[in-house]
1. Taking the condition modelled with pLDDT of 85 or more and either touching a helix residue (DSSP H, G or I) at 6+ places or on another chain (Cβ under 9 Å) or over 21 Å from ASP303 (Cβ atoms) (or both), does ALA396 pass?
2. Kindly indicate which of GLY53, GLY71, GLY86, GLY36 is touching a Pro at 6+ places or on another chain (Cβ under 7 Å) and not basic (Lys, Arg).
3. Which residue, of ASP218, ASP211, is among the acidic types (Asp, Glu), under 30 Å from ARG168 (Cβ atoms) and not in a helix (DSSP H, G or I)?
4. Tell me, yes or no, whether the range 181-194 has at least one residue that is over 21 Å from THR107 (Cα atoms), of a type in the set (A, V, I, L, M, F, W, C) and at pLDDT below 85.
5. Answer yes or no: is there a residue in the range 67-81 that is among the β-branched types (Val, Ile, Thr), at pLDDT 85 or above and open to solvent by 10 Å² or more (accessible area, probe 1.4 Å).
6. Filter the range 127-147 down to residues that are modelled with pLDDT under 90 and not in a helix (DSSP H, G or I) and give me whichever is surrounded by the most Cβ atoms within 10 Å (Cβ to Cβ).
7. Do we find a residue being in contact with a Gly (Cβ under 7 Å, 6 or more places away or on another chain) and either open to solvent by 30 Å² or more (accessible area, probe 1.4 Å) or closer than 23 Å to GLN57 by Cα (or both) anywhere in the range 265-276?
8. Out of the residues in the range 216-248 that are open to solvent by 30 Å² or more (accessible area, probe 1.4 Å) and over 36 Å from the mean Cα position of the chain (by Cα), which is modelled with the highest pLDDT?
Amino acid sequence: MASFEWFVSLRYLRAKRKQKFISLITVISILGVAVGVLALIVVLSVYTGFTEGLRDQIIGVNAHAQVQRFGAPITDTEAVLAKIDGVAGVEATTPYIYAQALISSATQSTGVVLRGIDAASAMRVLSIGRKMVAGQLTDLDKPSEIPTIVLGRDLARQLQVGIGDRVRLISPNGPLSPMGVLPKIRTCMVVGIFETGMFEYDSTMGYITLDTARSLADLRRGVHGIEVRVKNIDQADRTAAAIQEALGKGYSARDWMQLNRNLFAALKLEKLGIFIALDLIILVAALNIISALIMMVMEKNRDIAILKSMGATTRAIMRVFFYQGMVIGLAGTVLGVAGGLGLCALLKRYKIIELPSNVYPMSTMPIKVVPLDVTVIAISAILITLIATLYPSWKASRVRPAEALSYE
């Protein structure tokens, strides 16, 4: 019986000479499902690639987790470092000092965010050492007559300085005098230039030694915090919780997800919104399926009546038109998945679309196909098309042979 229902449903998909319009609607329905699935796969792959690229850029400049002390700097740095290194899941640690200053060269001046680091340990925690375009991060620790500094590429370009040039740092954290607060001034030599690909970092950030940062921040001893690299980035929250437990009260340990919670929550919400919006394309195709099947039911009234007269049950008639809708949905989904994966492969391989680096954190359109996303898209497309077949199938099953054949 099932083979008979499949035979009839497939036969109805091939239109007769007088039913070309119905066949055209069927083709349009298949293409509608295919376009919707293709668009969903490509857009969500681009969105996933963009999100992960942004995450990698942020984590590369910062760290997987940060440890700070509430309301005060960390003065017993070595003891805290030892406790953190003893936590399971921690791969490396490095102390840092945060400061802001005005930076000026012979021709230009602007604001700068300064990070005082220990270059040797920072190389094990941060990826900034792999993003150097001139000099090395470890050049910060080389003996020099004056303090050294590593600048972002866009910041160095704005200041019109290169390796060996000198810049002046002016910090407002100076001593109080009868004339007001006297700013602290340090002349530094540029020993390195880095490029992360994120304009916000490359145009505003500089790295200096801990001693230089300590003098500019008016910090007598200790550090502002400790950056941590974990072994499993997806379990950074668990490792941060273990660090928090090891250090006890008075300290906070936050992973990269907590530090950028608002950004990634917004990206996740936007991804859901895009998925719902593009699903409407599949819904429009489903409406075409409904109209095509209803028109076919009207056209095949006499055939349905004859089938019922020959013993076909109500459920058999429903299955005939349900199978038709299922074939349309499966055909459209398969075409859409194949087209979407093929287009993603082309975009990923040839990098056709370039992005402005001063706006986006990457230079080309990022693509990352997630199998789970593709599976969810395919299942949702099939479910929408199957639901669209229920009413036409029910309508076909309600045809009464006596009424349909009374005028034949």
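The values are calculated or read from the model by the stated rules, or taken from the named source; none is laboratory data. All values reported here derive from a predicted model rather than from experimental measurement. Note that each Cβ is placed from the backbone with ideal geometry, even for glycine, and that neighbours are counted across all protein chains shown. Quick note on the areas: whole protein, heavy atoms, side chains included, nothing else; ligands and nucleic acids left out. Shrake-Rupley method; radii C 1.70, N 1.55, O 1.52, S 1.80 Å.
1. Values: modelled with pLDDT of 85 or more: no; either touching a helix residue (DSSP H, G or I) at 6+ places or on another chain (Cβ under 9 Å) or over 21 Å from ASP303 (Cβ atoms) (or both): yes.
So ALA396 does not fit the description; no.
2. Working: GLY71 fails: touching a Pro at 6+ places or on another chain (Cβ under 7 Å); GLY86 fails: touching a Pro at 6+ places or on another chain (Cβ under 7 Å); GLY36 fails: touching a Pro at 6+ places or on another chain (Cβ under 7 Å).
Only one candidate passes the filter, namely GLY53.
3. Working: ASP211 fails: not in a helix (DSSP H, G or I).
The conditions single out ASP218.
4. Yes, there is a match, as at least one residue in the range 181-194 is over 21 Å from THR107 (Cα atoms), of a type in the set (A, V, I, L, M, F, W, C) and at pLDDT below 85.
5. Quick first cut of the range 67-81, residues among the β-branched types (Val, Ile, Thr) only: 67, 74-75, 77, 80.
If we keep only those that are at pLDDT 85 or above as well, we get 67, 74-75, 77, 80.
The next check asks that each one be open to solvent by 10 Å² or more (accessible area, probe 1.4 Å); those that pass are 75, 77.
Checked against the condition, which is being among the β-branched types (Val, Ile, Thr), at pLDDT 85 or above and open to solvent by 10 Å² or more (accessible area, probe 1.4 Å), the range 67-81 yields at least one hit.
6. SER127
7. There is no residue in the range 265-276 that is in contact with a Gly (Cβ under 7 Å, 6 or more places away or on another chain) and either open to solvent by 30 Å² or more (accessible area, probe 1.4 Å) or closer than 23 Å to GLN57 by Cα (or both).
8. Within the range 216-248, the match that is modelled with the highest pLDDT is ARG221.
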